[in-house]
Amino acid sequence: MDDRLLAEILTSRGILSAEQVASLSAQAQGRPLREALVEQRVLDEDAIVRLIADEFSMPVLPRIEPDQVPADLVRRIPIRFAKQHRVLPVRRVDGGVLVALADPLDSTALDDLRAVLGVEPLPALADPDRILEVINQVYDREASDLGGKEEEQADELQDILDVSDEAPIIRWVNSLFFQAVRERASDIHIEPGEREVIVRYRIDGDLYERKRANKGFLPGIVSRVKVMAGLNIAEKRLPQDGRIALRIAGKQIDVRVSTIPTSQGERVVMRLLDKTTVLRDVSTLGLAPGMLAALDALIHRPHGILLVTGPTGCGKTTTLYGCLQKINTPDLNIMTVEDPVEYDLPGISQMHVNPKIDLTFASGLRAFLRQDPDVIMVGEIRDRETAEIAVHASLTGHLVLSTIHTNDAAGAITRLVEMGTEPFLVASSMIGILAQRLVRVLCPHCAQPVAMNDDDLHELGLDAARMQTRQARQVLPAYHVDDSHLVPLLRGERPRIRRKVGCPQCLQTGFIGRTGIYELLLITDRVRSLVLQRADSTAIRRAAIEEGMDTLRDDGARKVLEGVTTPEEVLRATEQDIEMEGT
């Protein structure tokens, strides 16, 4: 609806003055006035709908139930038309079809519906966002009909292949993306079986089956994905990799596509990267206050190496991006070499490695040193050459951020030595190592408080005897001792934590989203001395703990006590901590 008309309605009914409307429009900065009204809490969306409906003497449709929308009517209306005009036939009524409409002045859409449906459309005003949401749900449902009976699907597949219009396949593939974004999935797995194609989503780290289709549709589905990713649809014997750029519900989504041949057909895995969520401030990543302050001090150092370690998919890149965002100022020349460049960082020069032309992490890092950098981020230290160049860069006055694959922070030091880097170079260049894992966050809508049992206390290292011993020897970090959640433990009592339940908001999983648990190993004089002695990771880890380092398990325990996650999540994400003598 035109902003000018909405402004006239607001002023004519005395809801706002002309000056107030002008002020809201200025604050909107080019966005619709309707959004500004909701954002500034002048009117909510329901009130705006009722206001417009009253002005045009139209009925209001407060609720739209997707299950009640007639499938035969939906099939006659292209999804692009429905989304463009925000219109949807809701149900049949005497003499016509009740139609949900966002704009009361869109007579063109009503004329087109009258011609397509062959009956009179009876418009009712509804929330535009709700109409769009139901459109996605209804067309997702229609696209999911590929999973019907085998005989019917075989005939339908033949019809699809005989004609150039592959709309059903296209709608079905698009529905995968719609549903994945709606359910917060990070990956989509398209897996061929003996008789069916199974689609699974990875949501908060776990895989859930979401769709099935007849095996005969696999070539069409894979071909559609390959076309979108710019891959060779004729090549079915070799693995391929590509990327897709999508815009779904206002979000810009980057999709990394990987296909491999299997005995049952081609398998496709797509990783969804939401560009609106990856660039997070480092303070929002779940670091404890003391650890956050220590990390902030490290990334503001003029030189040295800071490593982030952990398994694939644990959020290392997000952490590094958060660190770069924190220090990204006009007076610093920041450069990155990545595989691949996942997100564009304004003000930072980013390079994508390409082994086919010998552009590796090592060669890219070597080239960076001739570009007068202040800060360098290397996607991963994989070999001796990259490690030695990173060490050289740090010793010549550069801050180097990178990742390495080890189980804990102490293991990163021994890994570098095993690669062939001299211990004295590691000891003189390294300033800190951050190990991390991801744990699922309890749903705030349904989690229930319970008393912590003895097994959980013992597994998380929170039994009273150990806590009191650690406190007496001043091993616990300050923010742990001062944390009110630990007071019951120090008195030998059982604290109350939260357990998962499951509700519609969390898709019955009991969790919504993930957060990090961390351990930050600072290179102190004692740790540096152990590195020079070629000590193993166990000795380095023991020394760090004695100097007050929180382990992954300790940080996870803190989040359990705060009601963020469950003991099971922490135990699953961390390996069993070694009980150190004297702790």
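Within the stretch 541-562, the set of residues being open to solvent by less than 10 Å² (accessible area, probe 1.4 Å) and not in a helix (DSSP H, G or I) comprises ASP550, THR551.
Which one is surrounded by the fewest Cβ atoms within 10 Å (Cβ to Cβ) among residues in the stretch 221-242 that are farther than 30 Å from ILE131 by Cα and either touching a residue at least 40 places away in the same chain (Cβ under 8 Å) or polar (S, T, N, Q) (or both)? Residue satisfying both the conditions and the ranking: ASN232. The strands (runs of 3 or more DSSP E) found entirely in the stretch 179-268 that carry 2 or more residues being more than 21 Å from GLY313 (Cα to Cα) are 196-203, 206-214, 240-248, 251-262. Can we say ALA451 is touching a residue at least 24 places away in the same chain (Cβ under 8 Å), more than 29 Å from THR566 (Cα to Cα) and either aliphatic (A, V, I, L, M) or buried (at least 18 other Cβ atoms within 10 Å of the Cβ) (or both)? Taking the combined requirement at face value, the residue does not satisfy it. Of all residue pairs spaced 6 or more apart or on separate chains, those with beta-carbon atoms under 9 Å, a first member in the stretch 74-98 that is closer than 11 Å to ILE135 by Cα and a second member that is open to solvent by 50 Å² or more (accessible area, probe 1.4 Å) and in a loop (DSSP other than H, G, I, E, B) are PRO89/ARG76; VAL90/GLU65.
Scanning the stretch 53-69 for residues that are within 36 Å of the chain's Cα centre (by Cα) and over 17 Å from ASN136 (Cβ atoms) yields LEU61, PRO62.
THR538 meets each of the listed conditions (1) out of contact with any strand residue (DSSP E or B) (no Cβ under 7 Å at 6 or more places or on another chain); (2) open to solvent by 40 Å² or more (accessible area, probe 1.4 Å); (3) modelled with pLDDT under 90 apart from (3). Scanning the stretch 91-133 for residues that are assigned to a strand (DSSP E or B) and either among the polar types (S, T, N, Q) or more than 20 Å from ILE52 (Cα to Cα) (or both) yields ARG91, ARG92, VAL93, GLY96, VAL97, GLU120. Among the residues of the stretch 34-54, those identified as open to solvent by less than 80 Å² (accessible area, probe 1.4 Å) and not small (Gly, Ala, Ser) are ARG34, LEU37, VAL38, VAL42, LEU43, GLU45, ILE48, VAL49, LEU51, ILE52.
For (1) on the phi < 0 side of the Ramachandran plot; (2) in a helix (DSSP H, G or I); (3) not β-branched (Val, Ile, Thr), each residue gets a yes or a no:
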{"site": "ALA26", "(1), (2), (3)": "yes, yes, yes"}
{"site": "ARG31", "(1), (2), (3)": "yes, no, yes"}
{"site": "ILE48", "(1), (2), (3)": "yes, yes, no"}
{"site": "LEU51", "(1), (2), (3)": "yes, yes, yes"}
{"site": "MET58", "(1), (2), (3)": "yes, no, yes"}
{"site": "PRO62", "(1), (2), (3)": "yes, no, yes"}
{"site": "LEU73", "(1), (2), (3)": "yes, yes, yes"}
{"site": "ILE77", "(1), (2), (3)": "yes, no, no"}
{"site": "ARG80", "(1), (2), (3)": "yes, yes, yes"}
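The single condition among (1) at pLDDT 50 or above; (2) in a loop (DSSP other than H, G, I, E, B); (3) on the phi > 0 side of the Ramachandran plot that GLN474 does not meet is (1). Scanning the stretch 64-103 for residues that are surrounded by 11 or more Cβ atoms within 10 Å (Cβ to Cβ), of a type in the set (D, E, K, R) and closer than 21 Å to ASP127 by Cβ returns LYS83, ARG86, ARG91, ASP103. Scanning the stretch 4-21 for residues that are assigned to a helix (DSSP H, G or I) and open to solvent by 60 Å² or more (accessible area, probe 1.4 Å) gives ARG4, GLU8, SER12, ALA18, GLU19, GLN20. Considering PRO70, PRO78, the condition of being closer than 30 Å to TRP172 by Cβ and at pLDDT below 80 is satisfied by PRO78 alone.
Of the conditions (1) touching a residue at least 12 places away in the same chain (Cβ under 8 Å); (2) open to solvent by less than 80 Å² (accessible area, probe 1.4 Å), HIS300 satisfies every one except a single condition; which number is it? Against the list (1) touching a residue at least 12 places away in the same chain (Cβ under 8 Å); (2) open to solvent by less than 80 Å² (accessible area, probe 1.4 Å), HIS300 comes up short only on (2).
All of (1) at pLDDT 90 or above; (2) assigned to a loop (DSSP other than H, G, I, E, B) hold for VAL278 with one exception: (1).
Pick from the stretch 199-220 the residues that are open to solvent by 40 Å² or more (accessible area, probe 1.4 Å) and more than 15 Å from LEU507 (Cβ to Cβ): which of them is nearest to the chain's Cα centre (by Cα)? That would be ARG212. For the stretch 273-294, indicate whether the set of residues that are touching a Ser or Thr at 6+ places or on another chain (Cβ under 8 Å), surrounded by fewer than 18 Cβ atoms within 10 Å (Cβ to Cβ) and not hydrophobic (A, V, I, L, M, F, W, C) is non-empty. Yes, the conditions are met somewhere in the stretch 273-294. Looking across the stretch 428-448, just one residue is buried (at least 21 other Cβ atoms within 10 Å of the Cβ) and part of a helix (DSSP H, G or I), and that is SER429.
Within the stretch 111-151, restricting attention to residues that are open to solvent by less than 60 Å² (accessible area, probe 1.4 Å) and among the charged types (D, E, K, R), the residue that is modelled with the highest pLDDT is ASP127.
The values are calculated or read from the model by the stated rules, or taken from the named source; none is laboratory data. Note that the coordinates shown come from a computational prediction; the quantities given were computed from them, not determined experimentally. Cβ atoms come from the backbone with ideal geometry, glycine included; neighbour counts cover every protein chain shown. Quick note on the areas: whole protein, heavy atoms, side chains included, nothing else; ligands and nucleic acids left out. Shrake-Rupley method; radii C 1.70, N 1.55, O 1.52, S 1.80 Å.
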